[in-house]
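Inspection log for the structure reproduced underneath, given as structure tokens.
The values are calculated or read from the model by the stated rules, or taken from the named source; none is laboratory data. The structure displayed is predicted, hence computed values, not measured ones. All Cβ positions, even for glycine, are placed from backbone atoms using ideal geometry, and neighbour counts span all protein chains on display.
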Amino acid sequence: MENKLISFIKKALPGLEIESVDVNSRGWDNDILIVNRSIVFRFPKNNAIATFLLFHKNFSRSVLPVKGEN
């Protein structure tokens, strides 16, 4: 599964040089990949969590300014 997630990251961010990957898959809701000890990727473990993650992203953007967006 780790290779599948790394492949997804490489397709989404082709300019990102991946030097190291730390994986945490012990959580109930998400698998976490920490790339280059500085970038955190969160992958939901099921569709219900994915839906909540999208809601959370949209809600956060509606109440918090996003740097670079007006």
Any pair with Cβ under 6 angstrom, 6 or more apart, that starts in region 1-24 at a residue that is closer than 21 Å to P44 by Cβ and ends at one that is exposed (fewer than 12 other Cβ atoms within 10 Å of the Cβ): V23/E2
All positions within region 26-70 that are among the small types (G, A, S) and either modelled with pLDDT of 90 or more or in a helix (DSSP H, G or I) (or both): S38, A48, A50, S60, S62
Filtered residue count, region 19-48, keeping only those that are surrounded by 13 or more Cβ atoms within 10 Å (Cβ to Cβ) and either in contact with a Pro (Cβ under 9 Å, 6 or more places away or on another chain) or among the polar types (S, T, N, Q) (or both): 4
Per-region count, region 11-39, residues among the hydroxyl-bearing types (S, T, Y) and under 23 Å from F52 (Cα atoms): 1
Only one of L16, L5 that is surrounded by 10 or more Cβ atoms within 10 Å (Cβ to Cβ) and assigned to a loop (DSSP other than H, G, I, E, B): L16
